[in-house]
1. Could you tell me what fraction of 2.2 N^0.38 Å the Cα radius of gyration of region B:80-221 comes to, as a two-decimal ratio?
2. Can you list residues whose amide H is under 5 Å from A:ARG63's amide H, if they're 5+ apart or on another chain and H is modeled 1.01 Å from N?
3. Take every Cα pair under 8 Å in region B:80-221 that's 6+ residues apart, average their separations, divide by the length, and report that relative contact order as a whole percent.
4. If amide hydrogens are placed 1.01 Å from N in the peptide plane, which non-local residues have theirs closer than 5 Å to the one on A:THR34?
5. Put a label point 7 Å from Cα along the Cβ direction on A:ASP46, then list its distances to the equivalent points in the other copies in nm, shortest first.
6. Take A:GLN115, project a point 7 Å from its Cα along the Cβ direction, then tell me which residues of region A:145-165 have their backbone nitrogen under 20 Å from it.
7. Using each residue's phi in region A:116-123, evaluate 6.51 cos²θ - 1.76 cosθ + 1.60 at θ = phi - 60° and report the 3J(HN,Hα) Karplus result to the nearest Hz, with x for Gly and Pro.
8. Computed from the mean reciprocal separation of all distinct C-alpha pairs, what Kirkwood hydrodynamic radius does region B:17-75 have, in Å?
2 protein chains.
Amino acid sequence: MTEMHDVTETAANDRDVTDLVLEDILTGVLPAGTWLKQIDLEKRYDCTRPEVRRALDRLSQKRLVEHVPNRGYHVYQPDGRRAQEVSDIRVILETAVADRMVERATPESIARLRQLASHFDRMTMVGTVLEHYEANLAFHRELLLLSGNNELVDLVSEIRQRTSSAPVSQWRTRARVERSAREHHMMVDALEARDVADLKRLIEAHIRQTGDAAPAESAARQA
Amino acid sequence: MTEMHDVTETAANDRDVTDLVLEDILTGVLPAGTWLKQIDLEKRYDCTRPEVRRALDRLSQKRLVEHVPNRGYHVYQPDGRRAQEVSDIRVILETAVADRMVERATPESIARLRQLASHFDRMTMVGTVLEHYEANLAFHRELLLLSGNNELVDLVSEIRQRTSSAPVSQWRTRARVERSAREHHMMVDALEARDVADLKRLIEAHIRQTGDAAPAESAARQA
DNA sequence: GTTACCAAAATTGGCGCCAATTTAGGATAC
DNA sequence: GTATCCTAAATTGGCGCCAATTTTGGTAAC
């Protein structure tokens, strides 16, 4: 069994144990393969066994953890194929609504997105892994809200958690982080310019983490 | 509180209580708005309280039922906006992979789909609501498997359960049922003819339940 | 050093129980 | 007839407990 280390902080009462465990999985505190002992989680999150069980059941329903009868639950190993498939789905969904996002963008929403992109920049510099991750989510959620389809916004949020969009695996290098930050701003640029094709291209490159999407003049703009 | 009627059959041991409750919701036995009393479900499905609670928690996570603290759980009311949004998502996803489906279709898979379309025809005539529903799911799952993206197949299965794709609301008229049956065969025709555009058009019309998608000669083919 | 066995310790799984909360029905006042 | 109040009944929520199962560590045999 992979060992788990106790933490000293008490459970935050406004957040469910499910959220706390999920956070620790996504930030790498509970790495892939870790066996999650119920009695240890009770202590770690300062909660009762039934709460732990509910959290674990929920996470297993989301396929973040696997339940092995009579042995317990462990964090799923990364699966490259699943990750690829989830990225493909995200590309399909997010590019399909690019025209709607452009059509519905207002100066206020553009300003808001610019602000969130800058916030991500700052978290890149001074934030924790979690703050960084959450800044990224905030940006993308605000962008997707422009689609006008709430179910799609929620769905993308859900599926992102399933695989390699988790922070421990998403940004492997400093260069990748910086590129992501630039891409955020470029997406806002494309939105402002009402350039649907550019926005689609950026979204796809961003999700797949491929290519160099940066025209030189757009990069200069951030300086 | 909306009253629930007891059933006389015992729980099928190979299926989880979650599945049983879900089936009763989807087939209209437990209509929208019904309060699901834990002690009644225990009797209905011949199981223990913890099993009922787990099932209800899972269904509430899927937003099929709503949990009201200290009052219990009730089946969600239909929400037209959500239904529309889910249909939009399905159209995006399923049409996006139409080219992949055409590209990957083999004579064997086409024969299999033809068989499943015929099975749906038969269930339309002689099957129960549930058998009919499951025949539809089987057809669509087999079709989507041609995309090669398992996550997408699973995801579409999941989101279909959320709203008006449930059998109680999907087929309101005999004519609608018959059109769905015809559309299945036409999708297989398009696949066989490797006509991506036609397949996309059929898939969209099918999901939205709009229009008359039938060219006269295709309809004659089924006679 | 490796393998097999066994007992103790650790952990999971699930049930029963009861406190807390809500609902339902009857009585009373207007 | 309607509104309010009160109490008993019904139901939910959550905890403690223990049987069942697995893991761990020590010992013996090869």
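1. So region B:80-221 has a normalised radius of gyration of 0.97.
2. none
3. 37
4. Amide H neighbours of A:THR34, under 5 Å, 5+ apart: A:VAL75.
5. 4.7
6. Within reach of a label on A:GLN115: A:145-148.
7. 5, 5, 5, 4, 4, 3, 5, 5
8. 11.1
Quick note: the coordinates plus some simple rules give every number you see, no bench work behind them. Source: prediction; values computed, not measured. Reconstructed Cβ throughout: ideal geometry from the backbone, glycine too, with neighbour counts over all protein chains shown.
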